[in-house]
Amino acid sequence: MTTSRTRPERLLEQAGGVSGLIYSSLPVVVFVLMSSVSGLLAAIGSALGVAALVLLWRVIRHDSVQPAFSGFLGVAVCALIAYVVGESKGYFLLGIWMSLVWAVVVAVSILVRRPLVGYAWSWASGRGYGWRGVPRAVYAFDIASLCWVLVFGARFVVQRLLYEADQTGWLAVARIGMGWPLTAIAALVTYAAIKSAQRAIPSADDDGVPEDADSVRD
């Protein structure tokens, strides 16, 4: 099915690929270094400058600019929060609380037996929601979703403690170290869960809905 091939490729492109790891880390590193050397305002200007250069570099290379543009907006919002708070550690507040929000959202989806990973898979693959009528598939997506809850929860707890302890440098280390590495682990668990769910889902019709699950509705 064409849709099942193009959507995951689009998701990978929007994420920035491997280069996104470096590009997303640079503003954080520069912000913390400049904050310790020249103060908050210099750190804000430097982080925004680096994010702008990354965006310009992608434009020059004719790469996808969406990750860099999203990254620039993210840096701008974080910098604004740091300016309002009046402390360098405020740069990390948005990421800390967004981790909590996502942990709660995904946890609730598990509790109501509507695991978010399952819906993400349905959208990315272009298939229907017949998996909701297959207990083994729901269980597999529950496990994958729980893994994401642990990732987001760990980020919130660790970075919140570092924030309260005024450890801005270690906040940057935690932001980077708990970013892509934990995401990669959760992605592997998600991949295994999807494979397990696909084996459990009965033969599907052209719409991706199991033939014996046509009666399954919200």
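The values are calculated or read from the model by the stated rules, or taken from the named source; none is laboratory data. Note that the structure is predicted; figures quoted are calculated from it, not measured. All Cβ positions, even for glycine, are placed from backbone atoms using ideal geometry, and neighbour counts span all protein chains on display. Just so you know, the surface numbers come from the protein's heavy atoms only, side chains and all, with ligands and any DNA or RNA stripped out. Shrake-Rupley method; radii C 1.70, N 1.55, O 1.52, S 1.80 Å.
Starting from the 7 Å offset along Cα-to-Cβ, what nm value, one decimal, do you get for the label separation of Gln167 and Trp57?
Simple spin-label model gives 2.9 nm for this pair.
Could you rank Phe152, Phe92 by how accessible they are, 1.4 Å probe, largest area first? Walk me through the numbers before you get to the answer.
Values: Phe152 35, Phe92 0 Å².
Solvent-accessible surface, decreasing: Phe152, Phe92.
Using a cut-off of 15 Å between beta-carbons, work out the net charge of the residues near Trp97 (Lys and Arg +1, Asp and Glu -1, Trp97 not included).
Numbers: positive: Lys89, Arg155, Arg160, Arg175; negative: Glu164.
Local charge sum for Trp97: +3.
In region 75-121, carbon and sulfur make up what percent of the accessible area (probe 1.4 Å)?
Details: 1790 of 2290 Å².
Within region 75-121, the accessible surface is 78 percent carbon and sulfur.
So what J values fall out for region 84-99 if you push phi through Karplus, 6.51 cos²θ - 1.76 cosθ + 1.60 with θ = phi - 60°, rounded to Hz, Gly and Pro as x?
5, 5, x, 9, 4, 5, x, 4, 9, 4, 4, x, 4, 6, 5, 4
In bins 5 Å wide, starting from 0, what share of all Cα pairs of region 22-171 does each bin hold, as a percent?
Bins of 5 Å from zero give 2, 10, 15, 15, 14, 13, 12, 10, 7, 3, 1, 0 percent of pairs.
Accessible area, 1.4 Å probe, largest first: how do Trp148, Trp131, Trp180 sort?
On the way: Trp148 55, Trp131 5, Trp180 100 Å².
Putting Trp148, Trp131, Trp180 in descending order of accessible area: Trp180, Trp148, Trp131.
Given points 7 Å out from each Cα along the Cα-Cβ axis, report the Met98 to Arg113 separation in nanometres with one decimal.
Result: 3.3 nm between the two label points.
Starting from the 7 Å offset along Cα-to-Cβ, what nm value, one decimal, do you get for the label separation of Gln66 and Thr183?
Between Gln66 and Thr183, the label points sit 1.4 nm apart.
Largest first, how would Asp142, Asp63, Asp166 line up by accessible area (1.4 Å probe)?
Asp166, Asp63, Asp142
What is the Cα coordinate range of region 103-145 on the first, second and third principal axes, sorted by size from largest, in whole angstrom?
The Cα atoms of region 103-145 stretch 26, 20, 14 Å along their principal axes.
Can you bin every Cα-Cα distance in region 31-96 into 5 Å intervals starting at zero and give me the percent of pairs per bin, rounded to whole numbers?
The distribution over region 31-96 is 4, 21, 25, 22, 14, 10, 5, 1, given as percents.
For Val29 and Lys195 in the same chain, what is the full-extension length gain: residue separation times 0.36 nm, less their Cα-Cα distance, in nm?
Numbers: separation 166, 0.36 × 166 = 59.76 nm, distance 3.72 nm.
This chain segment gains 56.0 nm when fully extended.
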